[in-house]
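Here is the structure we will look at, set down as structure tokens.
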Amino acid sequence: MSLIDESTEFGRRVVRRLREESVIWLTTVSASLAPQPRPVWFLWDGETFLILSQPQGHKVAHIARNPHVALHFNGDAHGGDIVVFTGEARIATGPLPDALMNAYLDKYREGIAELGMSETQMTGEYSSAILVTPKAVRGF
């Protein structure tokens, strides 16, 4: 059974946003148990979110201590169009499949260039792959 019920208006909206959005907010939990939201680039492969991070990034340390995370999109100007995922994150320990990494780079090619980086520089600097498996989705 899929996490997202595409037979509903909400489910179709979730799928559209997963396909069209370039930024999602990742919330991790710090050592002091404070929520730490931050906007991140992501790739949704139908089951898992891929997020690249600098290895020394706080989110990597947070996930190593506590894998429980939340992800959400920005709402609209009226507080609607809310989509929130909760789940567990892990740091990948080996190389990602080429198809997954290529899809991520295809999605963000323009953004990487705007940062003044090559794809090789990007994947070198942001070499920690965070994989988030959502367990629930909610919103309105």
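The values are calculated or read from the model by the stated rules, or taken from the named source; none is laboratory data. For clarity, every value in this text was computed on a predicted model and none was experimentally measured. Reconstructed Cβ throughout: ideal geometry from the backbone, glycine too, with neighbour counts over all protein chains shown.
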Legend entry - Close pairs from segment 81-95: first farther than 17 Å from Ala61 by Cα, partner at pLDDT below 95 and hydrophobic (A, V, I, L, M, F, W, C), Cβ under 6 Å, at least 6 apart: Ile82/Phe140
Inset, instruction - Among the numbered conditions (1) closer than 30 Å to Thr120 by Cα; (2) at pLDDT below 95; (3) touching a Pro at 6+ places or on another chain (Cβ under 9 Å), tell me where Leu3 comes up short. - result: (1)
Legend entry - Those residues of segment 110-140 which are in a helix (DSSP H, G or I) and surrounded by 12 or more Cβ atoms within 10 Å (Cβ to Cβ), in sequence order: Gly111, Ile112, Ala113, Glu119, Gln121, Met122, Thr123, Glu125
Inset, instruction - State which residue is surrounded by the most Cβ atoms within 10 Å (Cβ to Cβ) when the search covers only segment 67-95 and only residues that are of a type in the set (A, V, I, L, M) and out of contact with any helix residue (DSSP H, G or I) (no Cβ under 8 Å at 6 or more places or on another chain). - result: Leu71
Legend entry - Unique residue being at pLDDT 95 or above and touching a Lys or Arg at 6+ places or on another chain (Cβ under 6 Å) when the list is Thr120, Thr133, Thr28: Thr28
Legend entry - Residue match in segment 86-98 (condition: under 23 Å from Arg138 (Cα atoms), outside any strand (DSSP E or B) and β-branched (Val, Ile, Thr)): no
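The rows are residues; the columns are (1) under 12 Å from Leu131 (Cα atoms); (2) at pLDDT below 95; (3) more than 10 Å from the chain's Cα centre (by Cα).
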site	(1), (2), (3)
Pro39	no, no, no
Trp44	yes, no, no
Gln56	no, no, yes
Val60	yes, no, yes
Asn74	no, no, yes
Val84	no, no, yes
Pro97	no, no, yes
Asn102	no, no, yes
Tyr108	no, no, yes
Inset, instruction - May I ask you to list the residues in segment 96-120 that are out of contact with any helix residue (DSSP H, G or I) (no Cβ under 8 Å at 6 or more places or on another chain) and either farther than 23 Å from Arg19 by Cβ or among the small types (Gly, Ala, Ser) (or both)? - result: Ala99, Ala103, Gly111, Ala113, Gly116, Thr120
Inset, instruction - Among the residues of segment 14-54, write down those that are more than 24 Å from Gly139 (Cβ to Cβ) and touching a helix residue (DSSP H, G or I) at 6+ places or on another chain (Cβ under 9 Å). - result: Ser30, Ala31, Leu52, Ser53, Gln54
